[in-house]
1. Tell me the per residue accessible area of region 119-174 using a 1.4 Å probe; a whole number in Å² is fine.
2. Which of Lys118/Lys173; Lys109/Lys160; Lys54/Lys118; Lys9/Lys103; Lys20/Lys118; Lys25/Lys109 have a Cα-Cα distance over 27 Å?
3. Rounded to the nearest 10 Å², what accessible area does Asp106 have for a 1.4 Å probe in the complete protein model?
4. Stick to the Cα atoms of the chain, pair each with every other, and give me the Kirkwood hydrodynamic radius in Å at one decimal.
5. Which residue fluctuates the most in the chain, going by a Gaussian network model with Cα springs under 10 Å, if the choices are Pro102, Pro71, Pro174?
6. On the principal axes of its Cα set, how long, how wide and how thick is region 1-71? Give whole Å, largest value first.
7. Report, by chain and number, residues whose modeled amide H sits under 5 Å from the one on Gly166, excluding near sequence neighbours (fewer than 5 apart, same chain).
8. What is the Å³ per residue value for the convex hull set by the Cα atoms of region 45-130?
Amino acid sequence: MEPVILNGKALSIQIEEELKERVAKIKEESGVTPVLATIIVGDNPASVTYVRMKGNACRRVGMEPLKVELPEETTTEELLAVIDKLNADDKVCGILLQHPVPKQIDERKCFNRVLMEKDVDGTNVSSFGAVTMGQDAYKCATPAGIMEILRRYNIETTGKNAVVIGRSPILGKPVAMLLLNANSTVTICHSKTKNLPEIVKQAD
């Protein structure tokens, strides 16, 4: 079988063009520009870069980015108050809390505070539960991207053996559930897995 290069960059350009049309239609029909709010706590260099990239992507498709910057010493309660304010703001269509947050913050509590209908990163446990049960909800971004690449390249998942290495709550577990919902037989490996090479060899 000829190898297939999964060109995510090319697909991202194609998807952005599609999103431009969708956003333009929303703006035409509602007279409102969709706003994506991104919260960043502290000045982690990688997080700063990611937030800037998200803002640029919003602008490219016609959305309005809203960057909310909080100091490193922000507490859980202070962050929750910011999330509550964004939840209540009708102009804000989606909310992203940039990961990781400083260690003094209860990250899970804050993820769960984002309203499910605005949880565009799929990090709320309610969103994860709904996706797991095959219901309509926002999916974690990277797992959703993986599944979209498989779909657009017409890679069949039904009946295939899939091995997921890692069990993080925003990558390993969600992509395993998405593959399961796509009719794959899924094995999840992690730091305690024995015979990892042999298990990986069984994957399609």
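1. Working: 3120 Å² over 56 residues.
Value for region 119-174: 56 Å² per residue.
2. Numbers: Lys118/Lys173 21 Å; Lys109/Lys160 36 Å; Lys54/Lys118 16 Å; Lys9/Lys103 33 Å; Lys20/Lys118 20 Å; Lys25/Lys109 35 Å.
Cα-Cα > 27 Å for Lys109/Lys160; Lys9/Lys103; Lys25/Lys109; rest within.
3. So the heavy atoms of Asp106 present about 80 Å² to solvent.
4. Numbers: mean 1/r = 0.0534 Å⁻¹.
Final number for the Kirkwood radius of the chain is 18.7 Å.
5. Between Pro102, Pro71, Pro174, it is Pro71 that shows the largest mean-square fluctuation.
6. Here the Cα extents, ordered largest to smallest, are 53, 38, 13 Å.
7. The answer is Cys189, His190.
8. Working: hull volume 8.3 nm³, N = 86.
Spelled out: Cα convex hull of region 45-130, divided by residues, is 96 Å³.
The values are calculated or read from the model by the stated rules, or taken from the named source; none is laboratory data. Please read all numbers here as calculations on a predicted model, not as lab measurements. A quick note on method: Cβ atoms are made from the backbone with ideal geometry, for glycine too, and the neighbour counts reach across all protein chains shown. With ligands, DNA and RNA removed, areas are computed over all heavy atoms of the protein, side chains included. Shrake-Rupley method; radii C 1.70, N 1.55, O 1.52, S 1.80 Å.
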